[in-house]
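One structure below.
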């Protein structure tokens, strides 16, 4: 049975260059798609899935955000704080719900995403800007609260200044800051300076050029490293025990 192009609705000949959308399963002429010959050839070579433009908004929740909305949802520490009357408050309500997609062409890898059996099939997040952290009472990020912050930093030495600026923008003195992918190697840990005001740094370096984990622990907290749980052989893991004041 011959297929018709989703865009021009004409019959697709057997010798025509065409591609199938992985979401709606309809076919398009290559000339009716936004693909270049190079991209088309790459998709064929690696047997990759492709999604047409009309199906993308239903799969990627941020696809329809305009440039103005993206600017409103972003925060740059080089601009005035959103507390300023000159800048309207971020319209975070414009962000759509981020629902986990599991039904693209019955892909078994997507259907079996719940590896730990505790991950909800409807995962909707709340979005907070740095402005919210130092202006919103509901977040309750005060100095007396025990708070944990995690950052996948992808090289602590290369991004330390950005990391420090982010903490200044958030305006919250987190109790514990967990860092992954520090890229601190075992043979260079002694020469690395991770001096963050108000915190003690403890690290589990890596034996490779990637990986590495660490904690920035607030000065007022009493803690000790659980050597019996830490590892650097096959993967880096770091555990500490904290005496939380009441």
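The values are calculated or read from the model by the stated rules, or taken from the named source; none is laboratory data. Only a predicted model underlies this, so the values are computations on that prediction, with no experimental measurement involved. Backbone-built Cβ (ideal geometry, glycine too); neighbour counts: all protein chains shown.
Within segment 31-42, the set of residues being exposed (fewer than 15 other Cβ atoms within 10 Å of the Cβ) and either in contact with a strand residue (DSSP E or B) (Cβ under 7 Å, 6 or more places away or on another chain) or under 18 Å from residue 4 (Cα atoms) (or both) comprises 31, 34. Contact annotation: residue pairs with Cβ atoms under 7 Å, 6 or more positions apart or on different chains, pairing a residue in segment 32-48 that is closer than 17 Å to residue 21 by Cβ with a partner that is modelled with pLDDT of 90 or more and part of a helix (DSSP H, G or I), are 40/30. Within segment 203-231, the set of residues being within 14 Å of residue 185 (Cα to Cα) and buried (at least 17 other Cβ atoms within 10 Å of the Cβ) comprises 203, 204, 205, 206, 211, 212, 213, 214.
Within segment 235-246, restricting attention to residues that are farther than 16 Å from residue 185 by Cβ and not in a strand (DSSP E or B), which residue is nearest to the chain's Cα centre (by Cα)? Step by step, filter segment 235-246, then rank; the result is 239.
Tell me which residues, restricted to segment 1-31, are touching a residue at least 24 places away in the same chain (Cβ under 8 Å) and touching a helix residue (DSSP H, G or I) at 6+ places or on another chain (Cβ under 9 Å).
5, 6, 7, 8, 19, 23
Which of the residues spanning segment 163-175 are farther than 18 Å from residue 213 by Cα and assigned to a helix (DSSP H, G or I)? Listed by number, the residues that qualify are 165, 166, 167, 168, 169, 170.
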